[in-house]
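Notes for the one structure printed next.
The values are calculated or read from the model by the stated rules, or taken from the named source; none is laboratory data. Everything numeric here is computed off the predicted structure, so don't read it as measured data. Glycine gets a Cβ as well: all are built from the backbone with ideal geometry, and neighbour counts include every protein chain shown. With ligands, DNA and RNA removed, areas are computed over all heavy atoms of the protein, side chains included. Shrake-Rupley method; radii C 1.70, N 1.55, O 1.52, S 1.80 Å.
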Amino acid sequence: MTEPDRSALHRSLQASLGRTRLAVAATMIVERFWPLVLPLLVVTSLFLSLSWLGLFRVLPDMLRLALTVAFALAGLASLYPLRFFRMPTWPEIDSRVERANQLTHNPVQVQTDRPSGKPDSFGDALWREHQKRMAERLGGLGGDLPRTRVPERDPWALRAAAALLFVCAFAFSFGPMGGRAGDAFRAHAARDVVPPRIDAWVTPPTYTGKAPIFLTADAKKDKAAVVVPEGSELSLRVTGGNGAETLAFTDATGNVRDIPPTGPAADPAKPATAGPAASVRQFTSKLAAEGQITLRSGDDELDSWAFMMTPDNPPTIRFVGEPKRAVNGTLELNYAIEDDYGAASAKSEFALSEPQAPQARPLFGAPEMPLALPRRGAAKKPTRATRDLTEHVWAGAPVKLTLQSVDDAGQEARSETKTFILPERPFTNPLARAVIEQRRLIGLDANAKRRVLDLMDAVTLRPEDTIQNPSHYLALMSARTRLKLAGTDDQLREVVSYLWQVALGIEDGDLSAAEKRLRQAQQALQDALDRNASDEEIDKLMAELRQAMNDFLREFAERNQQNQTAQNQQPAQELRESDLQRMLDQIENLAKSGNRDQAKELLSQLQNMMNNLQAGRRQRGQQSQQNSEMRQQMDKLGEIMRRQQEMMNETFRMDQMQRGQQPSDPFGDNRDPGQQDQQQGQGQQGKPMTPEEFADALKQLQQGQGQLQKDLEALMKGLEGLGIKPGEGFGEADKSMEQAEGSLGKGEGDRAVGHQGRALEALRQGAQDMMQQMQAMQGDEGGSQDGGRQQNADRDPLGRPRATTSPDFGDSVKVPDEIDVQRARQILEAIRKRLGNALSPELERQYLERLLQPQ
C-alpha cells in the first residue's frame, strides 16, 4: 500500500471512529440519566393518571389539597438524584468502544496518544507507523446499547403498572366522566343532594299472562296488600338521594332479609347534564312468600309495600279411557291436562311390560309420542293425540304407558300407568309376518343376530315351494347379506329399516303409484299441521292432496269396475267424490282459520276412509289370490298323478324286458302317436337289456320315484299353508311311494308296480278329500246364504260351470260331457282287448283286472 493510500484510509477511519464515539457517548448519557429521572417520571405519571380518572374532582377540598401537596413533595424528592448525573469523558468513551468491540492493545486510544520523552524523528515515524497499523484494525467498529440496570433497582416492575395506568387513564379522560390535569388546583363546590325518586313494580311470570303491577302508582297506595302470583319479580329503582338507600324483606314470621343492590347505573331516560350526575340504585328480588318490602335511607323509612301470594299449583294429567288402536292402525290416546296457567309440555313414557334379559342389547329406545297441549283458557275437555307407531320394533308387544306433564314453574305430574298391546300393522302374508318377526328379534336384541340369520336360512331353504315371487326371494337374500355384514349398531338399525321395507313390499306388492302418492300427500299434510306451517305451505300441500286423491279415486273406480265385471257383483256401499272434496275443503278452511286440531281430526277421518277402501279391495284381492293358490295346488296334484301313472307304466315295461318278453301296451292303440313311435323304436332294437343297462334304468326309476315322493310332501305342506288338512289318502300314497322306491332299489319290478298302483289309488282318494275341504272353506267364507248365492253364481242358468271360475273336477257333475264318455269307452275297450289276449303275462292280467274293478 502506498503512502497516499494509507493517508486516505487513515482519514476515513478517523471519520468512522468519530461517529462511533458520538453514538457510544449518547448511549452512556442515556444509561446514566434514565435511572435518575425515572422516579420523577413515575410520580408525574401517577399524578396525571389520578387527575384524568377524575379523582381530584370527587375528593373534598382538604383531601384534594393534601394529596396535591404530597405529589409536590414527591416530585421535589425525585429531583434529588439528578445532582449525581455526570457526563462521560473521551477516554471513558474510547475505553467503552474498545470493550464493546473487544479490541486489544487499545487501538482507539492510540489514535489520540503522544509518545513521551524528547522528540525524535525516528521515534515519531515509528509512532505514526504504529498508529496507522492500529487504525487499520478499526475498520468494523460498532456502538453499544445502554445498560441502565433499572430491573436491579425495580425487581417487581412497578414502573410497568404506572405506565399501564397512565395509558388507561389517558383514554378514560376523553369520556364524560374523565377529569383534567388542572382539577387538583381548582376548588369544587359541595354537591347538592337530589331528592330521591322511587320507581317500583312487580313483574308476574310470563306464563301467567298477567300485566306488570306498578307499586308507586296512586291506585296502589291505598291498598293494604298487593296480591301477586307466586314467582313474581320485584324491581325497585331509586334515582337521586344520598346513595345510601337499603331495601329489606320481612316475611310473615318476622325474619328480615336484606336485598342487595344490583349496582349503580345511569338512568337512560334522563339526558346527560353538565352538573354532577344523580346516583341510581337498582334492587331486584324474587317474591317467593308473603311479606313486606321496606325501603330505608339510614334510619328514615322512605316507603313500604305488603304482598300476598297466589300459589302456583302443580299440574294434573290423567287418562280419559283406555289407549286404543284407531281404524288406520295408529295409537290413539285421550287424556286431560289441568293447570292454573296451562302446562308447558307433556310427553308419554313407554316401557316394556316384560323386562328384557340383562345381557340384551336393544337397538332402539322406547317409542316417542308427543302429546298436544290444550289451549290456555279453553274449556276443560279431553285432548286426543294419535301417533303411528306400527313401524317401531315394540309394535305388537305388551307395553306400559305413563303420561307426564310439566308446567312453566318446573312442577311435574304423572298419570297412572296403563298396560296394553302396542298397535302393530297387520300382515296377512305369511312371508311378510315372518320378516316382521325377524325384524322384531334383531331390533329388541342385537345379540340375536345369529338366530335371525338361521331363521332367514330356514325361510329361504326351499324358495321354489315357499316363495312365489322371485323379487321377494332376492329382497330376503339382500337383507340377509346386509345383516351378516353389519358390524355396528348403526348398520344393524339400517338393516331393521330395510326389513320393514321388505315386509311392506311383500304385503303391499300390488300397491299402485296412485296409492303411494296419496299416502305421501296425507303424511306431508299431517306433518305440516303438527309444526304449524304457513298458509302458503298448507295451500301447496292441499293442492297435492287433491290431485293425489283424484288419481287414486280414478284408478280405484277402474279396478272396482273390472272386479265387478269379472265377478258379477254389485257394490255394497257408494262413496261419492263430492263427499271427499267437501272433506278436503273443510280441512283447508280449518287449517287456515287456525283450528289446526280439528283439521288434524278431520284428516284422520279421511285417512280412515281411505284405509277402509284399500282394506276392502285388498281383502277381495287376497281371496282371489287364495283361490288361485288352491288351483295351483290342484294342478300340482294332477301333475303328480300323471307322473305316477307314467312311472308305473314304465316300471311294468322294464319288468317285462327284464323277463325277456316283448313289452306290451296296456292301452293298445289309444296312446298318442309319439308314444307309439317311441315304443316301437325301443322294440325294434330287438335285444334284451344287459344287466348293467337294466340296473341303470331301475336306478333312474328309483330316483324319479323318490323325487315324486318329495313333490307329494311339498304339496301336503302347501295344502297345510292354505288351511287344508291332507287326508289319509295322501299319507297312504306317501307310504306306497316309499315302498315302491325300495322295491326299485332291490330290482323287484313286479312289487314296485303293485306299490305304485296303490299309491295312485291313494292319490285319487286324497284328491276327493281335498276337494271336499275346499268346498267347505268356500262355503264358510261366504256364509250359508252368501255361499249359496256364490255357488249359484259360479254356474249358468243351465247348471254348467262358468268360464271365469275354476275348472270342474267331476265331483259335482251329474251328466258327463260327450268327450269324457267317449274317452272312457275307448279306455275300457282297450283294457278288455288286452285282457282277452291269452299270451298276456299273469302280472299284466292282474293289473288290468284291478283297473276294471268297480270303485
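Just a few scattered comments:
- Looking only at region 176-190, and only at residues there that are within 18 Å of Ser279 (Cα to Cα) and exposed (fewer than 11 other Cβ atoms within 10 Å of the Cβ), the one that is modelled with the lowest pLDDT: Ala190
- Pair list, Cβ under 6 Å, 6 or more apart: region 338-358 residue in contact (Cβ under 8 Å) with a residue 60 or more places away in the chain and open to solvent by less than 60 Å² (accessible area, probe 1.4 Å), other residue part of a loop (DSSP other than H, G, I, E, B) and of a type in the set (D, E, K, R): Gly342/Arg376; Ala344/Asp408
- Of the candidates Ala714, Ala767, the single residue that is among the aliphatic types (A, V, I, L, M) and either in contact with an Asp or Glu (Cβ under 7 Å, 6 or more places away or on another chain) or over 18 Å from Lys636 (Cβ atoms) (or both) is Ala714.
- Residues that are within 13 Å of Arg642 (Cα to Cα) and either open to solvent by less than 10 Å² (accessible area, probe 1.4 Å) or aromatic (Phe, Trp, Tyr) (or both) within region 761-772 comprise just one, Leu763.
- Here the helices (runs of 4 or more DSSP H) wholly within region 412-525 that include at least 2 residues being charged (D, E, K, R) and open to solvent by less than 80 Å² (accessible area, probe 1.4 Å) are 430-444, 449-459, 489-507.
- Condition met for Met737 (more than 22 Å from Arg845 (Cα to Cα), modelled with pLDDT of 85 or more and open to solvent by less than 50 Å² (accessible area, probe 1.4 Å)): yes
- The residue list Thr262, Thr273, Thr253 contains one member that is modelled with pLDDT under 85, part of a loop (DSSP other than H, G, I, E, B), among the β-branched types (Val, Ile, Thr) and open to solvent by 40 Å² or more (accessible area, probe 1.4 Å), which is Thr273.
- Across region 336-359, the number of residues qualifying as in contact with a strand residue (DSSP E or B) (Cβ under 9 Å, 6 or more places away or on another chain), of a type in the set (Gly, Ala, Ser) and either outside any strand (DSSP E or B) or modelled with pLDDT under 85 (or both) comes to 2.
- Matching residues, region 425-464, being under 15 Å from Ile506 (Cβ atoms) and either more than 30 Å from the chain's Cα centre (by Cα) or not hydrophobic (A, V, I, L, M, F, W, C) (or both): Arg425, Pro426, Thr428, Asn429, Pro430, Arg433, Glu437, Gln438, Arg439, Val459, Thr460, Pro463
- When Gln501 is tested against (1) within 30 Å of Lys717 (Cβ to Cβ); (2) in contact (Cβ under 8 Å) with a residue 12 or more places away in the chain; (3) not small (Gly, Ala, Ser), just one condition goes unmet, and that condition is (2).
- Selection within region 50-86 - among the basic types (Lys, Arg) and part of a loop (DSSP other than H, G, I, E, B): Arg86
- Which numbered condition Thr804 misses (of (1) at pLDDT below 80; (2) of a type outside the set (Asp, Glu); (3) open to solvent by less than 30 Å² (accessible area, probe 1.4 Å)): (3)
- Qualifying residue in region 387-400 (condition: of a type outside the set (Phe, Trp, Tyr), outside any helix (DSSP H, G or I), touching a residue at least 40 places away in the same chain (Cβ under 8 Å) and more than 28 Å from Leu492 (Cβ to Cβ)): no
- Qualifying residues in region 528-558 (those that are open to solvent by 70 Å² or more (accessible area, probe 1.4 Å) and part of a helix (DSSP H, G or I)) - the one farthest from Ile587 (Cα to Cα): Glu558
- In region 401-423, the residues that are under 24 Å from the mean Cα position of the chain (by Cα) and without any contact (Cβ under 8 Å) to a residue 60 or more places away in the chain: Thr402
- Qualifying residue in region 578-597 (condition: modelled with pLDDT under 70, assigned to a helix (DSSP H, G or I) and exposed (fewer than 14 other Cβ atoms within 10 Å of the Cβ)): no
- Flag not set for Thr402, criterion: farther than 28 Å from Ala475 by Cβ, open to solvent by less than 70 Å² (accessible area, probe 1.4 Å) and in contact with a helix residue (DSSP H, G or I) (Cβ under 8 Å, 6 or more places away or on another chain).
- The set of residues in region 292-329 being of a type in the set (D, E, K, R), over 25 Å from Ile213 (Cβ atoms) and in a strand (DSSP E or B) consists of Asp300, Arg318, Lys324, Arg325.
- Pro362 being open to solvent by 50 Å² or more (accessible area, probe 1.4 Å) and either modelled with pLDDT under 90 or on the phi > 0 side of the Ramachandran plot (or both): no
- When Val320, Val280 are checked against the criterion of being closer than 30 Å to Ala336 by Cα, of a type in the set (Val, Ile, Thr) and either at pLDDT 75 or above or surrounded by fewer than 16 Cβ atoms within 10 Å (Cβ to Cβ) (or both), Val320 stands alone in meeting it.
- Test: residue in region 195-217 that is of a type in the set (Gly, Ala, Ser), farther than 30 Å from Leu295 by Cβ, part of a loop (DSSP other than H, G, I, E, B) and at pLDDT below 85: no
- Residue in region 640-661 that is open to solvent by 90 Å² or more (accessible area, probe 1.4 Å) and at pLDDT below 75 present: yes
- Some residue of region 463-479 being at pLDDT 90 or above, among the hydrophobic types (A, V, I, L, M, F, W, C) and more than 29 Å from Leu715 (Cβ to Cβ): no
- Subset of region 71-96 (residues that are surrounded by 12 or more Cβ atoms within 10 Å (Cβ to Cβ) and either aliphatic (A, V, I, L, M) or under 60 Å from the mean Cα position of the chain (by Cα) (or both)): Ala72, Ala74, Ala77, Leu79, Leu82, Ile93
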